[in-house]
Amino acid sequence: MELTLPDLQEKLKSWDGCALSKNANPVLGEGNHNADVLFIGEAPGKKEDELGRPFVGSAGKFLDELIESMGWKRSDVYISNVVKYRPPDNRDPTPEEKAECMPWLMLEIAIIKPKVIVPLGRHSLGHFFDKLSISDAHGHPQPLTDDVTIFPIYHPAAAMHNGGLRQALHDDFAQLKIFLDSQGIAPPTE
Ligand code: URA
């Protein structure tokens, strides 16, 4: 039987393969099951932990605004994280935590089969291309396979600490829209 996203959601609830799960709630990705575009952040923050949903705090509001700047909606894409539990005090996830949680992201990717994967920030980019720096690669499509392109973008939370990055994020989303249009990728119809 084929594994579905609701199956993953259910299985993640009883998983204890990452020590973070002792003190935090599971946060799987969410969004359109037919999405061609998958956004991947770092790890849930406070609001995400409370609500059990990815990108619902201030970085999430900015991400929604950026998606809408392309004429798309949040419900047209799928949004997830590398790490499925909030690290204490929002510290960076460790390499172990990222590796432990990675099978969940791999399963999400296998189910959704996106054409474009957008790593938000260096933790997520590092999974796909560990030698690329986000400051060099952001806004530039990086072919991964014949069917999948990685399109790195700064993490939206970075703009909260560094106002100058706000414009860079808007520019990157404009480039992303140009790229999607060039590939004939439009919001899903269902
Ligand atoms: N930052 C992330 O990387 N992920 C979230 O879900 C929220 C904030």
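Values as computed for the structure displayed
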{"item": "Options 124, 133; residue that is of a type in the set (Gly, Ala, Ser), more than 19 Å from residue 34 (Cβ to Cβ) and within 16 Å of the ligand (Cβ to nearest atom)", "result": "124"}
{"item": "Selection count, the stretch 145-161, where residues are open to solvent by less than 60 Å² (accessible area, probe 1.4 Å) and touching a residue at least 60 places away in the same chain (Cβ under 8 Å)", "result": "4"}
{"item": "Some residue of the stretch 41-51 being modelled with pLDDT of 95 or more, basic (Lys, Arg) and near the ligand (Cβ under 8 Å from one of its atoms)", "result": "yes"}
{"item": "Contacts under 9 angstrom Cβ, first residue in the stretch 62-77 being in contact (Cβ under 8 Å) with a residue 40 or more places away in the chain and closer than 13 Å to residue 186 by Cα, partner small (Gly, Ala, Ser) and open to solvent by 40 Å² or more (accessible area, probe 1.4 Å), 6 or more apart", "result": "70/174; 72/186; 76/186"}
{"item": "Selected residue (only one of 75, 80 is among the small types (Gly, Ala, Ser) and out of contact with any helix residue (DSSP H, G or I) (no Cβ under 6 Å at 6 or more places or on another chain))", "result": "75"}
{"item": "Only listed residue being touching a Ser or Thr at 6+ places or on another chain (Cβ under 7 Å) and more than 16 Å from the ligand (Cβ to nearest atom), chosen from 148, 116", "result": "116"}
{"item": "Near pairs, Cβ below 6 angstrom, 6+ apart or cross-chain, from the stretch 11-36 (farther than 19 Å from residue 50 by Cα) to any residue that is open to solvent by 80 Å² or more (accessible area, probe 1.4 Å)", "result": "36/115"}
{"item": "Subset of the stretch 144-160 (residues that are over 17 Å from residue 129 (Cβ atoms) and within 14 Å of the chain's Cα centre (by Cα))", "result": "156, 157"}
{"item": "Any hit, the stretch 44-58, residues being within 14 Å of the chain's Cα centre (by Cα) and open to solvent by 70 Å² or more (accessible area, probe 1.4 Å)", "result": "yes"}
{"item": "Selection status of residue 164, open to solvent by 50 Å² or more (accessible area, probe 1.4 Å), of a type in the set (Gly, Ala, Ser) and either more than 16 Å from the ligand (Cβ to nearest atom) or touching a residue at least 60 places away in the same chain (Cβ under 8 Å) (or both)", "result": "yes"}
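The values are calculated or read from the model by the stated rules, or taken from the named source; none is laboratory data. Only a predicted model underlies this, so the values are computations on that prediction, with no experimental measurement involved. Using ideal geometry, Cβ is built from the backbone for each residue, glycine included, and neighbour counts are taken over all protein chains shown. What goes into the accessible areas is simple: the full protein's heavy atoms, side chains included, and nothing from ligands, DNA or RNA. Shrake-Rupley method; radii C 1.70, N 1.55, O 1.52, S 1.80 Å.
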